[in-house]
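Q: What follows is a structure written as structure tokens; I'll ask about it next.
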Amino acid sequence: MKKLLLGLGVFLFFLLGIILRPVPSPTAENTFTLTDKVVRVFEGPCNDIVFQLNSGDKYAYINRGLELGLDIEVLNQQLKGKETHFKLIKHWTPLDWNNSSESIAAIETDQGEVLYHVIN
């Protein structure tokens, strides 16, 4: 019985490690570019700035973007309805198994203006 409980405990520990693993720091190797129209920009949980994209149920977010001094209203004025280039971090977790909500490493307008950039 002790071995079963120990085995179950180890399994749950590894499962939680997979589920709750943090988003890695962005680098050129672990990011990819997505170009899409921005439907709207709004506040998410934990001071995140969330971008609803035109391609289905796809969202992208800047983790704690409000704490970085970014302004949702300004971003809405600059990006709403416009093609925008996002650098997104490659990261998979069972909590977001279909990658419908991805962390942003960089944002560039169609005119080449960089609005946000944290890639090392």
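The values are calculated or read from the model by the stated rules, or taken from the named source; none is laboratory data. Note that the coordinates shown come from a computational prediction; the quantities given were computed from them, not determined experimentally. Because the Cβ atoms are built from the backbone with ideal geometry, glycine has one as well, and the counts that use them run over all protein chains shown.
Q: Has region 3-11 got at least one residue that is within 30 Å of Lys80 (Cβ to Cβ) and modelled with pLDDT of 85 or more? Outline the logic, then answer.
A: The initial filter retains those residues of region 3-11 that are within 30 Å of Lys80 (Cβ to Cβ), namely none.
No, region 3-11 has no match at all.
Q: Please specify each residue of region 1-18 satisfying the condition of being surrounded by 10 or more Cβ atoms within 10 Å (Cβ to Cβ) and closer than 26 Å to Asn120 by Cβ.
A: Ile18
Q: A follow-up question, please. So how many residues does region 97-120 have that are among the charged types (D, E, K, R), surrounded by 13 or more Cβ atoms within 10 Å (Cβ to Cβ) and at pLDDT below 95?
A: Let us first name the residues in region 97-120 that are among the charged types (D, E, K, R), namely 102, 108, 110, 113.
Filter once more, so that each one left must be surrounded by 13 or more Cβ atoms within 10 Å (Cβ to Cβ): 102, 108.
If we keep only those that are at pLDDT below 95 as well, we get 102.
Summing the residues that are among the charged types (D, E, K, R), surrounded by 13 or more Cβ atoms within 10 Å (Cβ to Cβ) and at pLDDT below 95 in region 97-120 gives 1.
Q: I'd like the residue in region 52-104 that is of a type in the set (Gly, Ala, Ser) and over 13 Å from the mean Cα position of the chain (by Cα) and, out of all such residues, is nearest to Val41 (Cα to Cα). Before the answer, list the steps.
A: First pass over region 52-104, keeping only residues of a type in the set (Gly, Ala, Ser): 55-56, 60, 65, 69, 81, 100-101, 103.
After this cut, where a residue has to be over 13 Å from the mean Cα position of the chain (by Cα) as well, the list is 55-56, 69, 81.
Numbers: Ser55: 15, Gly56: 15, Gly69: 15, Gly81: 11 Å.
This residue is Gly81.
Q: Inside region 98-120, can you point out the residues that are out of contact with any strand residue (DSSP E or B) (no Cβ under 6 Å at 6 or more places or on another chain), small (Gly, Ala, Ser) and touching a residue at least 12 places away in the same chain (Cβ under 8 Å)?
A: Across region 98-120, the qualifying residue is only Ser100.
Q: Let me ask you something else. Could you count how many residues in region 19-41 are over 15 Å from the mean Cα position of the chain (by Cα) and surrounded by 12 or more Cβ atoms within 10 Å (Cβ to Cβ)? Before you say what the answer is, go through the steps one by one.
A: Of the residues in region 19-41, the ones over 15 Å from the mean Cα position of the chain (by Cα) are 19, 28-29, 37, 39-40.
The next check asks that each one be surrounded by 12 or more Cβ atoms within 10 Å (Cβ to Cβ); those that pass are 37, 39-40.
Total satisfying the criteria: 3.
Q: Can you spot a residue in region 14-23 that is basic (Lys, Arg) and closer than 27 Å to Lys82 by Cα?
A: So the first thing to find is which residues in region 14-23 are basic (Lys, Arg), and the list is 21.
When the remaining residues are screened for being closer than 27 Å to Lys82 by Cα, the result is none.
No, region 14-23 contains no residue that is basic (Lys, Arg) and closer than 27 Å to Lys82 by Cα.
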